[in-house]
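Working notes for the structure below.
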Amino acid sequence: MQRSPLIRTCLAGSAALAAALTTAAPTQAATTPSAASASSTPSAAGAATRHDWVSTGKGMTSGVSGMVVTHRHGHGGFDALIVRDNKKPGENRLAEVAFRHGRKADVQPLDWQGGSVPVDLESLDEVPGHRGQYVAVASEGTGYRFDVDGGTAHVRDTFTLPDIGEDENIEDFALTSRHGKLAAVWADRGQDERPSTLHAARVSLGAHRTGFGAVTRDELRAPYPAENVRHASDLKITDSGTLLVSSASDPGDDGPFDSAVYTAGTVSVHRSGVTLHVAEEPDVLGTFADHKIEALACLPGSRTGALGTDDENAGGALRTARFCAH
(Lines give C-alpha, C1' and ligand atoms only; values in the text may rest on other atoms or scores of the structure.)
Protein backbone atom coordinates (compact mmCIF):
# COMPACT_ATOMS: atom_id res chain seq x y z
CA MET A 1 0.00 0.00 0.00
CA GLN A 2 1.36 3.44 -0.98
CA ARG A 3 1.37 5.98 1.90
CA SER A 4 0.53 9.68 1.44
CA PRO A 5 3.16 12.35 2.14
CA LEU A 6 1.33 13.30 5.33
CA ILE A 7 1.42 9.72 6.69
CA ARG A 8 5.11 9.36 5.76
CA THR A 9 5.87 12.57 7.66
CA CYS A 10 4.00 11.39 10.78
CA LEU A 11 5.73 8.00 10.76
CA ALA A 12 9.15 9.61 10.41
CA GLY A 13 8.39 11.92 13.32
CA SER A 14 7.27 9.02 15.50
CA ALA A 15 10.44 7.06 14.71
CA ALA A 16 12.61 10.04 15.58
CA LEU A 17 10.80 10.54 18.88
CA ALA A 18 11.20 6.82 19.80
CA ALA A 19 14.91 6.96 19.01
CA ALA A 20 15.33 10.06 21.15
CA LEU A 21 13.57 8.40 24.11
CA THR A 22 15.70 5.24 23.80
CA THR A 23 18.90 7.28 23.71
CA ALA A 24 17.83 9.30 26.73
CA ALA A 25 17.30 6.27 29.02
CA PRO A 26 19.70 3.43 28.08
CA THR A 27 20.86 2.82 31.66
CA GLN A 28 17.40 2.09 33.04
CA ALA A 29 16.56 -0.30 30.21
CA ALA A 30 19.82 -2.22 30.70
CA THR A 31 19.71 -2.52 34.48
CA THR A 32 16.09 -3.36 35.12
CA PRO A 33 16.26 -7.07 34.08
CA SER A 34 19.48 -7.76 36.01
CA ALA A 35 18.18 -6.01 39.10
CA ALA A 36 15.05 -8.15 39.08
CA SER A 37 17.14 -11.27 38.59
CA ALA A 38 19.39 -10.37 41.51
CA SER A 39 16.46 -9.80 43.83
CA SER A 40 14.99 -13.23 43.00
CA THR A 41 18.26 -15.12 43.55
CA PRO A 42 18.57 -16.20 47.20
CA SER A 43 22.36 -16.29 47.34
CA ALA A 44 25.65 -16.16 45.51
CA ALA A 45 25.40 -19.83 44.58
CA GLY A 46 22.40 -18.99 42.41
CA ALA A 47 20.04 -21.25 40.54
CA ALA A 48 21.45 -24.15 38.56
CA THR A 49 20.93 -24.62 34.86
CA ARG A 50 20.65 -27.96 33.11
CA HIS A 51 24.02 -27.79 31.36
CA ASP A 52 25.85 -27.41 34.69
CA TRP A 53 25.12 -31.03 35.58
CA VAL A 54 27.08 -34.12 34.50
CA SER A 55 25.23 -37.43 34.32
CA THR A 56 26.22 -40.42 36.48
CA GLY A 57 23.91 -42.70 34.50
CA LYS A 58 20.30 -43.05 33.43
CA GLY A 59 17.48 -44.84 35.19
CA MET A 60 16.43 -45.61 38.77
CA THR A 61 19.66 -47.41 39.74
CA SER A 62 22.08 -44.62 38.73
CA GLY A 63 21.35 -41.93 41.32
CA VAL A 64 23.67 -40.54 44.00
CA SER A 65 22.37 -40.71 47.59
CA GLY A 66 25.58 -39.95 49.50
CA MET A 67 29.09 -38.72 48.66
CA VAL A 68 32.60 -38.11 49.97
CA VAL A 69 35.19 -36.18 47.94
CA THR A 70 38.45 -38.14 48.06
CA HIS A 71 40.69 -35.93 45.90
CA ARG A 72 40.55 -32.43 44.43
CA HIS A 73 41.78 -31.80 40.88
CA GLY A 74 42.49 -28.33 39.47
CA HIS A 75 39.66 -25.83 39.38
CA GLY A 76 36.58 -27.72 40.45
CA GLY A 77 37.52 -31.24 39.39
CA PHE A 78 37.32 -34.01 41.95
CA ASP A 79 37.27 -37.74 42.63
CA ALA A 80 34.56 -39.05 44.91
CA LEU A 81 33.11 -42.11 46.53
CA ILE A 82 29.33 -42.36 46.18
CA VAL A 83 26.60 -44.61 47.57
CA ARG A 84 23.36 -45.50 45.85
CA ASP A 85 20.01 -46.33 47.46
CA ASN A 86 19.49 -49.49 45.42
CA LYS A 87 17.64 -52.40 47.00
CA LYS A 88 17.66 -55.41 44.66
CA PRO A 89 20.37 -58.08 44.32
CA GLY A 90 22.95 -57.27 41.67
CA GLU A 91 22.34 -53.51 41.76
CA ASN A 92 25.31 -51.26 42.51
CA ARG A 93 25.64 -49.90 46.07
CA LEU A 94 29.01 -48.12 45.96
CA ALA A 95 31.09 -46.52 43.21
CA GLU A 96 34.13 -44.33 42.56
CA VAL A 97 33.48 -41.28 40.37
CA ALA A 98 35.87 -38.94 38.54
CA PHE A 99 34.32 -35.53 37.81
CA ARG A 100 36.02 -33.10 35.41
CA HIS A 101 34.31 -30.04 33.91
CA GLY A 102 33.37 -30.54 30.28
CA ARG A 103 33.74 -34.32 30.41
CA LYS A 104 31.45 -37.26 31.02
CA ALA A 105 31.67 -38.53 34.59
CA ASP A 106 33.72 -41.73 34.92
CA VAL A 107 31.80 -44.09 37.22
CA GLN A 108 33.46 -47.29 38.46
CA PRO A 109 31.23 -49.62 40.53
CA LEU A 110 32.86 -51.26 43.55
CA ASP A 111 32.24 -54.68 45.07
CA TRP A 112 30.91 -55.11 48.61
CA GLN A 113 32.44 -57.67 50.98
CA GLY A 114 31.65 -58.47 54.60
CA GLY A 115 28.21 -59.40 55.84
CA SER A 116 25.00 -58.92 53.91
CA VAL A 117 24.76 -56.43 51.06
CA PRO A 118 23.09 -53.22 52.36
CA VAL A 119 19.65 -52.08 51.24
CA ASP A 120 18.82 -48.41 50.60
CA LEU A 121 22.09 -46.67 51.48
CA GLU A 122 21.32 -42.96 51.95
CA SER A 123 24.42 -41.30 53.39
CA LEU A 124 28.20 -41.51 53.45
CA ASP A 125 31.05 -39.80 55.31
CA GLU A 126 34.76 -40.35 55.94
CA VAL A 127 35.96 -41.01 59.48
CA PRO A 128 37.98 -37.94 60.63
CA GLY A 129 41.60 -38.81 61.31
CA HIS A 130 41.25 -42.20 59.59
CA ARG A 131 41.81 -41.51 55.91
CA GLY A 132 40.28 -44.14 53.69
CA GLN A 133 37.84 -45.35 56.35
CA TYR A 134 34.16 -44.57 55.75
CA VAL A 135 30.72 -44.95 57.28
CA ALA A 136 27.62 -45.50 55.15
CA VAL A 137 24.13 -45.55 56.66
CA ALA A 138 20.94 -47.08 55.28
CA SER A 139 17.47 -45.59 55.65
CA GLU A 140 16.42 -47.89 58.52
CA GLY A 141 19.47 -46.77 60.57
CA THR A 142 21.96 -49.56 59.93
CA GLY A 143 25.52 -48.29 59.63
CA TYR A 144 28.50 -49.87 57.88
CA ARG A 145 32.11 -48.95 58.68
CA PHE A 146 34.39 -49.98 55.82
CA ASP A 147 37.54 -49.23 53.84
CA VAL A 148 38.21 -49.50 50.13
CA ASP A 149 41.01 -51.48 48.55
CA GLY A 150 41.47 -52.78 45.03
CA GLY A 151 37.97 -51.96 43.83
CA THR A 152 36.28 -53.56 46.87
CA ALA A 153 34.66 -52.20 50.02
CA HIS A 154 35.67 -54.29 53.04
CA VAL A 155 33.19 -53.98 55.92
CA ARG A 156 34.88 -53.79 59.36
CA ASP A 157 31.82 -53.22 61.54
CA THR A 158 28.03 -53.02 61.33
CA PHE A 159 25.95 -51.07 63.86
CA THR A 160 22.51 -49.57 64.46
CA LEU A 161 22.01 -45.87 65.15
CA PRO A 162 20.39 -45.21 68.54
CA ASP A 163 17.26 -43.20 69.32
CA ILE A 164 15.49 -43.58 65.98
CA GLY A 165 11.73 -43.01 65.94
CA GLU A 166 9.30 -45.43 64.33
CA ASP A 167 8.45 -43.06 61.48
CA GLU A 168 11.99 -41.84 60.81
CA ASN A 169 13.63 -42.49 57.45
CA ILE A 170 17.35 -41.78 57.92
CA GLU A 171 18.84 -39.80 55.03
CA ASP A 172 21.75 -38.02 56.72
CA PHE A 173 24.84 -39.08 58.65
CA ALA A 174 27.96 -36.98 59.17
CA LEU A 175 31.03 -37.15 61.41
CA THR A 176 33.15 -34.44 63.02
CA SER A 177 36.12 -34.36 65.36
CA ARG A 178 37.08 -31.68 67.89
CA HIS A 179 40.12 -31.90 70.19
CA GLY A 180 40.42 -35.61 69.54
CA LYS A 181 36.73 -36.26 70.32
CA LEU A 182 34.60 -37.83 67.61
CA ALA A 183 30.89 -37.09 67.19
CA ALA A 184 28.13 -37.86 64.71
CA VAL A 185 25.00 -36.07 63.53
CA TRP A 186 22.24 -38.04 61.83
CA ALA A 187 18.77 -37.06 60.71
CA ASP A 188 15.62 -38.37 59.12
CA ARG A 189 14.40 -36.55 56.04
CA GLY A 190 11.07 -35.31 57.39
CA GLN A 191 8.17 -34.79 55.05
CA ASP A 192 6.04 -31.67 54.47
CA GLU A 193 4.48 -30.75 57.84
CA ARG A 194 6.66 -33.25 59.72
CA PRO A 195 10.08 -31.67 60.31
CA SER A 196 13.39 -33.48 60.16
CA THR A 197 14.67 -34.74 63.50
CA LEU A 198 18.38 -34.15 64.09
CA HIS A 199 20.31 -36.43 66.45
CA ALA A 200 23.86 -35.93 67.74
CA ALA A 201 26.13 -37.98 70.01
CA ARG A 202 29.75 -38.74 70.80
CA VAL A 203 31.12 -41.76 68.93
CA SER A 204 33.72 -44.35 69.92
CA LEU A 205 35.42 -46.57 67.35
CA GLY A 206 36.78 -49.94 68.38
CA ALA A 207 38.46 -52.43 66.07
CA HIS A 208 35.11 -54.12 65.40
CA ARG A 209 32.68 -52.05 67.45
CA THR A 210 31.10 -48.62 66.98
CA GLY A 211 29.54 -47.09 70.10
CA PHE A 212 27.47 -43.98 70.83
CA GLY A 213 27.12 -41.77 73.88
CA ALA A 214 24.10 -39.84 75.12
CA VAL A 215 21.94 -38.52 72.26
CA THR A 216 20.69 -34.94 71.94
CA ARG A 217 17.88 -34.04 69.52
CA ASP A 218 16.31 -31.07 67.75
CA GLU A 219 13.93 -30.40 64.88
CA LEU A 220 14.65 -28.75 61.55
CA ARG A 221 12.47 -27.28 58.81
CA ALA A 222 13.89 -26.39 55.42
CA PRO A 223 13.43 -22.77 54.27
CA TYR A 224 13.06 -23.98 50.64
CA PRO A 225 11.38 -25.64 48.73
CA ALA A 226 7.82 -25.41 50.04
CA GLU A 227 5.91 -28.36 48.53
CA ASN A 228 6.51 -32.13 48.68
CA VAL A 229 9.54 -31.22 50.74
CA ARG A 230 12.13 -33.44 52.36
CA HIS A 231 13.61 -31.08 54.93
CA ALA A 232 17.02 -32.81 55.10
CA SER A 233 18.15 -34.92 52.14
CA ASP A 234 21.85 -34.82 53.09
CA LEU A 235 24.08 -33.23 55.70
CA LYS A 236 27.77 -32.44 56.17
CA ILE A 237 29.68 -30.67 58.97
CA THR A 238 32.28 -28.02 58.12
CA ASP A 239 35.56 -27.57 60.00
CA SER A 240 33.96 -24.77 62.02
CA GLY A 241 31.01 -26.96 63.06
CA THR A 242 28.44 -25.48 60.67
CA LEU A 243 25.70 -27.86 59.52
CA LEU A 244 25.38 -27.80 55.73
CA VAL A 245 22.07 -29.36 54.70
CA SER A 246 20.36 -30.05 51.40
CA SER A 247 16.59 -30.19 50.98
CA ALA A 248 14.48 -31.43 48.11
CA SER A 249 11.01 -31.42 46.63
CA ASP A 250 10.03 -34.93 45.50
CA PRO A 251 6.51 -35.24 44.04
CA GLY A 252 7.21 -38.64 42.42
CA ASP A 253 9.57 -40.66 40.23
CA ASP A 254 9.21 -38.27 37.28
CA GLY A 255 9.44 -35.00 39.22
CA PRO A 256 9.45 -32.10 38.73
CA PHE A 257 12.17 -31.83 41.37
CA ASP A 258 13.59 -28.81 43.15
CA SER A 259 16.36 -28.48 45.75
CA ALA A 260 18.29 -26.13 47.99
CA VAL A 261 21.46 -26.06 50.08
CA TYR A 262 21.35 -24.13 53.35
CA THR A 263 23.10 -23.69 56.69
CA ALA A 264 20.99 -25.22 59.45
CA GLY A 265 22.97 -24.31 62.59
CA THR A 266 26.02 -25.67 64.39
CA VAL A 267 27.26 -28.67 66.35
CA SER A 268 29.93 -28.49 69.05
CA VAL A 269 31.77 -31.35 70.74
CA HIS A 270 32.90 -31.16 74.36
CA ARG A 271 34.04 -33.42 77.16
CA SER A 272 30.54 -34.28 78.40
CA GLY A 273 28.86 -34.73 75.03
CA VAL A 274 27.55 -32.82 72.02
CA THR A 275 25.54 -29.60 71.68
CA LEU A 276 23.22 -28.95 68.73
CA HIS A 277 22.10 -25.45 67.80
CA VAL A 278 19.47 -25.21 65.06
CA ALA A 279 19.11 -21.79 63.43
CA GLU A 280 15.73 -20.10 63.75
CA GLU A 281 16.10 -18.77 60.21
CA PRO A 282 18.33 -21.08 58.15
CA ASP A 283 20.34 -19.30 55.43
CA VAL A 284 19.70 -20.52 51.87
CA LEU A 285 23.02 -20.76 50.01
CA GLY A 286 21.59 -21.77 46.65
CA THR A 287 18.57 -23.25 44.89
CA PHE A 288 18.78 -25.87 42.16
CA ALA A 289 15.76 -26.45 39.93
CA ASP A 290 14.86 -29.69 38.14
CA HIS A 291 17.02 -31.95 40.35
CA LYS A 292 16.63 -33.78 43.65
CA ILE A 293 19.85 -33.28 45.61
CA GLU A 294 20.60 -36.17 47.96
CA ALA A 295 24.36 -35.81 48.34
CA LEU A 296 26.72 -32.95 49.15
CA ALA A 297 30.39 -32.62 50.04
CA CYS A 298 33.12 -29.97 50.16
CA LEU A 299 36.30 -30.02 48.10
CA PRO A 300 39.36 -30.00 50.41
CA GLY A 301 40.70 -26.49 51.07
CA SER A 302 38.08 -24.84 48.88
CA ARG A 303 34.81 -22.94 49.08
CA THR A 304 33.59 -25.12 46.22
CA GLY A 305 31.25 -27.96 47.03
CA ALA A 306 30.05 -30.99 45.11
CA LEU A 307 26.38 -31.91 44.69
CA GLY A 308 24.89 -35.26 43.70
CA THR A 309 21.31 -36.04 42.71
CA ASP A 310 18.95 -38.98 42.69
CA ASP A 311 16.48 -37.97 40.01
CA GLU A 312 14.72 -41.35 40.05
CA ASN A 313 13.69 -42.31 36.47
CA ALA A 314 16.02 -39.63 35.05
CA GLY A 315 19.08 -41.13 36.79
CA GLY A 316 21.71 -39.14 38.67
CA ALA A 317 23.95 -36.13 38.13
CA LEU A 318 26.87 -34.20 39.64
CA ARG A 319 27.89 -30.54 39.63
CA THR A 320 29.86 -28.05 41.69
CA ALA A 321 28.75 -24.83 43.39
CA ARG A 322 30.22 -22.38 45.88
CA PHE A 323 28.59 -23.13 49.22
CA CYS A 324 31.45 -24.32 51.44
CA ALA A 325 33.60 -22.41 53.94
CA HIS A 326 37.08 -23.30 55.16
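The values are calculated or read from the model by the stated rules, or taken from the named source; none is laboratory data. Remember, predicted model here, so these are calculated numbers, not experimental data. In this analysis, Cβ positions are derived from the backbone assuming ideal geometry, glycine residues included, and neighbour counts consider all displayed protein chains. Keep in mind that these areas ignore ligands, DNA and RNA; they rest on the heavy atoms of the full protein, side chains included. Shrake-Rupley method; radii C 1.70, N 1.55, O 1.52, S 1.80 Å.
If I ask for residues that are surrounded by 20 or more Cβ atoms within 10 Å (Cβ to Cβ) and in contact with a helix residue (DSSP H, G or I) (Cβ under 6 Å, 6 or more places away or on another chain), which ones from the stretch 82-135 would you list?
Scanning the stretch 82-135 gives a single hit, Asn86.
Pick from the stretch 136-156 the residues that are at pLDDT 95 or above and not in a strand (DSSP E or B): which of them is least open to solvent (accessible area, probe 1.4 Å)?
Result: Gly141.
Those residues that are in a strand (DSSP E or B) and basic (Lys, Arg), I need them from the stretch 59-104; list them, please.
Restricting attention to the stretch 59-104, the residues satisfying the condition of being in a strand (DSSP E or B) are 66-73, 77-83, 94-99.
Residue satisfying the conditions is Arg72 alone.
Which members of the stretch 229-273 meet the condition of being part of a strand (DSSP E or B) and either of a type in the set (Lys, Arg) or out of contact with any strand residue (DSSP E or B) (no Cβ under 7 Å at 6 or more places or on another chain) (or both)? Before you say what the answer is, go through the steps one by one.
Step one: filter the stretch 229-273 for residues part of a strand (DSSP E or B), giving 229-237, 242-249, 258-270, 273.
Matches in the stretch 229-273: Arg230, Lys236, His270.
Scanning the stretch 211-249 for residues that are of a type in the set (Asp, Glu) and in contact (Cβ under 8 Å) with a residue 60 or more places away in the chain, which turns out most open to solvent (accessible area, probe 1.4 Å)? Quick ask: steps written out before the conclusion?
We begin by selecting, within the stretch 211-249, every residue of a type in the set (Asp, Glu); these are 218-219, 227, 234, 239.
From the residues that got through so far, the ones that are in contact (Cβ under 8 Å) with a residue 60 or more places away in the chain too are 218, 234, 239.
Values: Asp218: 62, Asp234: 0, Asp239: 127 Å².
Among residues in the stretch 211-249 that are of a type in the set (Asp, Glu) and in contact (Cβ under 8 Å) with a residue 60 or more places away in the chain, the one most open to solvent (accessible area, probe 1.4 Å) is Asp239.
Could you figure out which of (1) farther than 15 Å from Pro195 by Cβ; (2) in contact (Cβ under 8 Å) with a residue 12 or more places away in the chain; (3) of a type in the set (Ser, Thr, Tyr) isn't true of Ser272?
Of the numbered conditions (1) farther than 15 Å from Pro195 by Cβ; (2) in contact (Cβ under 8 Å) with a residue 12 or more places away in the chain; (3) of a type in the set (Ser, Thr, Tyr), the odd one out for Ser272 is (2).
Can you spot a residue in the stretch 73-89 that is at pLDDT below 95, of a type outside the set (Gly, Ala, Ser) and under 22 Å from Pro300 (Cβ atoms)?
Taking every residue of the stretch 73-89 in turn, at least one turns out to be at pLDDT below 95, of a type outside the set (Gly, Ala, Ser) and under 22 Å from Pro300 (Cβ atoms).
I want to confirm something. Restricting to the stretch 105-117 and keeping residues that are of a type outside the set (Ser, Thr, Tyr) and part of a loop (DSSP other than H, G, I, E, B), which single residue is modelled with the highest pLDDT?
Leu110
Does Ala184 satisfy being buried (at least 16 other Cβ atoms within 10 Å of the Cβ), of a type in the set (A, V, I, L, M) and farther than 26 Å from Met60 by Cβ?
On the way: buried (at least 16 other Cβ atoms within 10 Å of the Cβ): yes; of a type in the set (A, V, I, L, M): yes; farther than 26 Å from Met60 by Cβ: yes.
When the stated conditions are applied, Ala184 passes them.
Name the single residue that is modelled with the lowest pLDDT among those in the stretch 192-218 being among the small types (Gly, Ala, Ser) and not in a strand (DSSP E or B). It would help to see each step written out before you state the result.
Residues of the stretch 192-218 that are among the small types (Gly, Ala, Ser), as a first pass: 196, 200-201, 204, 206-207, 211, 213-214.
So of that shortlist, the ones also not in a strand (DSSP E or B) come out as 206-207, 213-214.
Values: Gly206: 87, Ala207: 83, Gly213: 95, Ala214: 95.
This residue is Ala207.
Just give me the residues in the stretch 157-176 being touching a Gly at 6+ places or on another chain (Cβ under 6 Å) and either outside any loop (DSSP other than H, G, I, E, B) or closer than 19 Å to Leu296 by Cβ (or both), in sequence order.
Thr158, Phe159, Thr160, Ile170
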